[in-house]
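Below: one structure, written as structure tokens.
The values are calculated or read from the model by the stated rules, or taken from the named source; none is laboratory data. Please read these numbers as outputs of a predicted model, since none were measured by experiment. Glycine also receives a Cβ, built like all others from the backbone with ideal geometry; neighbour counts cover every protein chain displayed. In case anyone asks, the SASA skips ligands and DNA or RNA and just uses the protein heavy atoms, side chains included. Shrake-Rupley method; radii C 1.70, N 1.55, O 1.52, S 1.80 Å.
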Amino acid sequence: MGYFCTYVPEEILYAANILPVRILGGHEPPNLAAPHIFDMWCPFCRDCLSQGLSGKYDYLDGIMIAQSCLHMRQAFAAWEIHVPTPWKYYLCMPNAVRSPRAKPFLTGELVDFKKSVEEWIGLPITNKDLDKGIEIMNENRRLMKQVYEFRREDNPPITGTEAMTMVWASQLMDKREHNELLKRLVQELPSRKLDRNEGVRLMIVGSENDDRPFMEMVESIGATFVIDEHCTGSRYFWDEVIPGENRLSAIASRYCDRIPCPSKDWGPDDWNRKRFDHILKLAKEYLVEGAVLVQQKFCDPHETDIPSLTRHLESNGIPCYFLEFEVTVPVGQFRIRIEAFLEQIRAEELFV
Ligand code: SF4
């Protein structure tokens with residue numbers, strides 16, 4: 001099952017012995033998407049659709065979305081019409097996740113979703129199956145958090161690029177296999193010594209980011225990403241399902257309470273951003289010296305957040321640098337800009 005957006009309840013897919021595969025872009029010009037999505041939609045969603053239209057995901061048996069932002073919604077709608085994936089599902093994930101109605105509403109949506117999957121596979125999904133799905137996902141989250149603990153260290157034994165690759169892989173492969181690799185990694189990291197200078201300890205925050213050339217470039221010019229907050233990073237796995245008698249309600253609670261995407265981070269009468277204090281807490285705990293804020297071009301949810309998030313971090317001593325991402329990022333140009341940001345941080349630390 002291919003899925004758009006990390007609000008998809010993979011626990012139910014694993015319970016049904018279905019392999020969830022996140023739809024990601026190919027960092028290729030999304031030409032095929034142009035007739036279906038406006039060019040002022042985010043490059044990530046256009047790239048994802050273009051991959052589907054070009055047949056890169058023809059191996060999928062099903063495709064689904066958990067309602068996230070309008071951009072991704074449009075990509076899914078176009079995919080539903082123009083890409084011949086046999087089974088399709090739209091899950092209405094609530095936006096105001098802090099509303100008292102969000103959890104009961106989502107629980108109801110999961111009841112319908114489970115029923116549709118049971119009809120599709122022709123088998124019932126029992127509580128035992130759901131417990132299995134919950135444990136596969138929770139173990140994966142626990143193990144990746146253990147790996148992230150090593151990033152608190154001076155000159156961490158794992159780089160930001162490697163950590164992103166680890167999380168990225170968890171979204172594409174069977175998590176039972178991924179868990180076995182993670183267990184080995186947790187064993188190996190205490191004795192792993194990297195032959196590199198840590199440089200400036202950075203945090204990366206923002207829209208979807210799986211741009212390895214960019215991460216590698218920054219970590220080759222005197223810096224290390226020691227923590228992150230985006231949906232191909234910690235935001236994806238930071239929160240576990242707290243098991244409960246009503247399995248679907250427990251899963252619904254997890255997706256409403258998890259560290260939210262900006263498209264979800266509000267309640268019926270409050271615009272307080274739950275993410276901001278979480279990001280600041282991570283920055284403090286991982287001894288971050290600067291934050292790189294990345295936004296996919298035209299990404300409304302993150303565009304809404306970034307100005308006030310910048311103020312929140314900078315007023316708490318974390319200098320920020322904003323970069324706008326496209327399908328392919330100009331690594332050379334961004335190198336010069338990041339070098340200047342690192343210079344600024346080093347200079348400021350001289351006078352602290
Ligand atoms: S949240 Fe932003 S980056 Fe993610 S799909 Fe929506 S517009 Fe694109």
Mind listing the long-range amide H neighbours of residue 239? Cut-off is under 5 Å, sequence gap 5 or more, other chains count too, H placed in the peptide plane at 1.01 Å from N.
259
Starting from the 7 Å offset along Cα-to-Cβ, what nm value, one decimal, do you get for the label separation of residue 31 and residue 80?
2.9
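Please give the peptides 312-324, 135-147 ranked by average Cβ packing (other Cβ atoms within 10 Å per residue), highest first, as a rough proxy for protection. The partial results should precede the final answer.
Values: 312-324: 16.1, 135-147: 18.5.
Ranked by mean Cβ neighbours within 10 Å, highest first: 135-147, 312-324.
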Measuring from the lowest to the highest alpha carbon on each principal axis, how far does the range 1-55 reach, largest first, in angstroms?
38, 21, 18
Segments 226-232, 106-112 sorted - mean Cβ within 10 Å per residue, highest first
226-232, 106-112
Given a 1.4 Å probe, the accessible area of the chain per residue, as a whole number of Å², is 42
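How many percent of the alpha carbon pairs in the range 67-146 exceed a separation of 16 Å?
Above the 16 Å cut-off, the range 67-146 has 69 percent of its Cα pairs.
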Excluding ligands, DNA and RNA, the carbon-plus-sulfur percentage of the accessible area of the chain with a 1.4 Å probe reads 56
Would you pull out the residues with amide H under 5 Å of residue 63's amide H, same chain only if 5 or more places away, H placed 1.01 Å from N?
2, 87, 88, 89
Summing -39500 (n - 2.57) over the DSSP H runs of n ≥ 4 in the chain and dividing by its residue number, what mean residue ellipticity at 222 nm do you reach, to the nearest 500 deg cm²/dmol?
-15000 deg cm²/dmol
Here the net charge surrounding residue 232, from other residues whose Cβ is less than 14 Å away from its Cβ (Lys, Arg +1; Asp, Glu -1), is -4
Once phi is turned into θ = phi - 60°, what whole-Hz ³J(HN,Hα) does the Karplus curve with 6.51, -1.76 and 1.60 give for every residue of the range 74-80, x standing for Gly and Pro?
5, 4, 5, 4, 5, 4, 3
Quick one: go through the range 185-201 and flag any residue whose amide nitrogen is under 20 Å from the point 7 Å out along the Cα-to-Cβ line of residue 169.
185-195
Relative contact order for the range 2-350: what is it in percent, counting Cα pairs under 8 Å that are at least 6 residues apart?
20
Could you list, bin by bin from short to long, the percent of Cα-Cα pairs of the chain in 10 Å steps?
5, 24, 34, 26, 9, 1, 0
Value in Å of the Kirkwood radius, where the range 200-263 supplies the Cα pairs that are averaged
13.6
Residues of the range 177-217 with amide nitrogen under 13 Å from the 7 Å Cα-to-Cβ point of residue 19?
177-178
